[in-house]
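To start, the structure itself, in structure tokens.
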Amino acid sequence: MNNPDASRHTEGRAVVVTGGASGIGKAIAEAFASNGDRVAVLDRSGGAGTIAVDVSDEASVKAAFTEARTQLGSIDILVNSAGLLTESRLEDMSLSMWNETIAVDLTGVFLCCREVVGEMRQQKWGRIINIASQLAIKGGTGLSHYSAAKAGVVGLTKALALESAADNVLVNSIAPGPIETPLVDGISEEWKAAKRAGLPLLRFGQAAEVAPTALLLASDPGGNLYVGQTLGPNSGDVMP
Ligand SMILES: NC(=O)c1ccc[n+]([C@@H]2O[C@H](COP(=O)([O-])OP(=O)(O)OC[C@H]3O[C@@H](n4cnc5c(N)ncnc54)[C@H](O)[C@@H]3O)[C@@H](O)[C@H]2O)c1
């Protein structure tokens with residue numbers, strides 16, 4: 001049976017959100033909390049109630065999940081939203097810039113998924129939601145490292161979904177378009193204005209407009225048939 005204990009999985013669930021101190025992760029953490037779930041925020045930038053982590057560091061990830069379990073018990077839902085964005089054309093990119101992006105945006109997702117997937121399979125219920133990017137699909141100038149990392153997240157999501165679905169652990173990704181968060185603060189206003197004008201919706205999204213997609217993927221039964229999918233709240237920028 002796909003849904004052995006429905007009541008347990010609609011509210012009061014234990015949720016971990018990486019990168020939950022800012023932007024999309026913060027909006028997702030707030031949405032789960034409003035739903036009546038119990039949420040632990042893991043982030044590199046601290047703050048009251050935040051569990052400190054560097055998702056690219058194996059020991060740091062282990063310690064943070066140990067602390068999250070102390071607070072929440074076993075974990076039902078993991079949202080991987082921690083990420084960073086730097087820019088350089090490939091011909092000028094240093095190896096350290098490349099490695100940093102792969103380490104945080106891709107290896108970080110691997111390390112955090114590995115912390116929870118065995119436990120979720122044992123409890124026969126789990127949801128993992130990875131925040132990728134539409135640049136996984138379309139690429140971006142000056143963003144070869146970021147586009148490669150996010151395409152890696154989409155591939156990882158599909159492979160882990162295949163490994164886990166039979167145990168009712170559903171793994172999916174969200175590939176947002178441009179969203180107004182601190183991540184895009186550094187980009188010039190000129191570029192943003194031109195980008196907005198080219199979007200079918202003529203505007204960037206807000207983080208709160210991405211969060212309901214995460215709630216949908218985590219919902220039971222609403223999310224039960226999504227396996228290895230990539231959902232695109234993206235103002236119409238990409239139509240796969
Ligand atoms: N904003 C966009 O337009 C957009 C579009 C598509 C995808 N995304 C993705 O959405 C996710 C969230 O981005 P955002 O826009 O909310 O950015 P944000 O900068 O507001 O939030 C990212 C969070 O990740 C944390 N973080 C960074 N490196 C970390 C590390 N090594 N360990 C732990 N935490 C770390 C930061 O401290 C921050 O709180 C990212 O994965 C990003 O790539 C963003």
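The values are calculated or read from the model by the stated rules, or taken from the named source; none is laboratory data. Everything numeric in this text was worked out from a predicted model, so none of it was measured. Cβ placement follows ideal geometry from the backbone for every residue including glycine, while neighbour counts extend to all protein chains displayed.
What the table below lists for this structure:
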{"quantity": "Pair list, Cβ under 9 Å, 6 or more apart: region 40-56 residue under 18 Å from Val109 (Cβ atoms) and in a strand (DSSP E or B), other residue more than 8 Å from the ligand (Cβ to nearest atom) and acidic (Asp, Glu)", "calculated": "Ala40/Glu67; Leu42/Glu67; Ile51/Glu67"}
{"quantity": "Qualifying residues in region 187-206 (those that are in a loop (DSSP other than H, G, I, E, B) and within 10 Å of the ligand (Cβ to nearest atom)) - the one surrounded by the fewest Cβ atoms within 10 Å (Cβ to Cβ)", "calculated": "Ile187"}
{"quantity": "From the options Asp76, Asp92, Asp54, Asp43, residue that is of a type in the set (D, E, K, R), crowded, with 20+ Cβ neighbours inside 10 Å and farther than 13 Å from Gly20 by Cβ", "calculated": "Asp76"}
{"quantity": "Gly118 vs. criteria more than 13 Å from the ligand (Cβ to nearest atom) and either under 12 Å from Val79 (Cα atoms) or modelled with pLDDT under 95 (or both)", "calculated": "no"}
{"quantity": "Residue among Glu87, Glu67 that is within 16 Å of the ligand (Cβ to nearest atom), closer than 19 Å to Glu119 by Cα and of a type outside the set (Ser, Thr, Tyr)", "calculated": "Glu67"}
{"quantity": "Set Ala151, Ala132, Ala175: member being of a type in the set (Gly, Ala, Ser) and surrounded by fewer than 23 Cβ atoms within 10 Å (Cβ to Cβ)", "calculated": "Ala151"}
{"quantity": "Single residue of region 177-186 satisfying the filter (in a loop (DSSP other than H, G, I, E, B) and either touching a Pro at 6+ places or on another chain (Cβ under 9 Å) or within 9 Å of the ligand (Cβ to nearest atom) (or both)) that is nearest to Ser88 (Cα to Cα)", "calculated": "Asp185"}
{"quantity": "Matching residues, region 70-84, being within 13 Å of the ligand (Cβ to nearest atom) and more than 23 Å from Met97 (Cα to Cα)", "calculated": "Val79"}
{"quantity": "Residue satisfying all of: in region 121-140; small (Gly, Ala, Ser) and in a loop (DSSP other than H, G, I, E, B); nearest to the ligand (Cβ to nearest atom) among these", "calculated": "Ser133"}
{"quantity": "Which numbered condition Pro221 fails, given (1) outside any helix (DSSP H, G or I); (2) surrounded by 15 or more Cβ atoms within 10 Å (Cβ to Cβ)", "calculated": "(2)"}
{"quantity": "Matching option when the condition is away from the ligand (no atom under 14 Å from the Cβ) and either over 14 Å from the mean Cα position of the chain (by Cα) or crowded, with 23+ Cβ neighbours inside 10 Å (or both), among Leu162, Leu143", "calculated": "Leu162"}
{"quantity": "Which numbered condition Gly155 fails, given (1) in contact (Cβ under 8 Å) with a residue 24 or more places away in the chain; (2) of a type in the set (Gly, Ala, Ser); (3) part of a helix (DSSP H, G or I)", "calculated": "(1)"}
{"quantity": "Residue list for region 90-115, filter: under 18 Å from Leu217 (Cα atoms) and within 9 Å of the ligand (Cβ to nearest atom)", "calculated": "Val109"}
{"quantity": "Check on Leu183, of a type in the set (A, V, I, L, M, F, W, C) and at pLDDT below 95", "calculated": "yes"}
{"quantity": "Among the residues listed as Asn234, Asn168, the single one being within 15 Å of the ligand (Cβ to nearest atom) and crowded, with 20+ Cβ neighbours inside 10 Å", "calculated": "Asn234"}
{"quantity": "Single residue of Thr66, Thr50, Thr10, Thr18 found to be modelled with pLDDT of 95 or more and more than 19 Å from the chain's Cα centre (by Cα)", "calculated": "Thr66"}
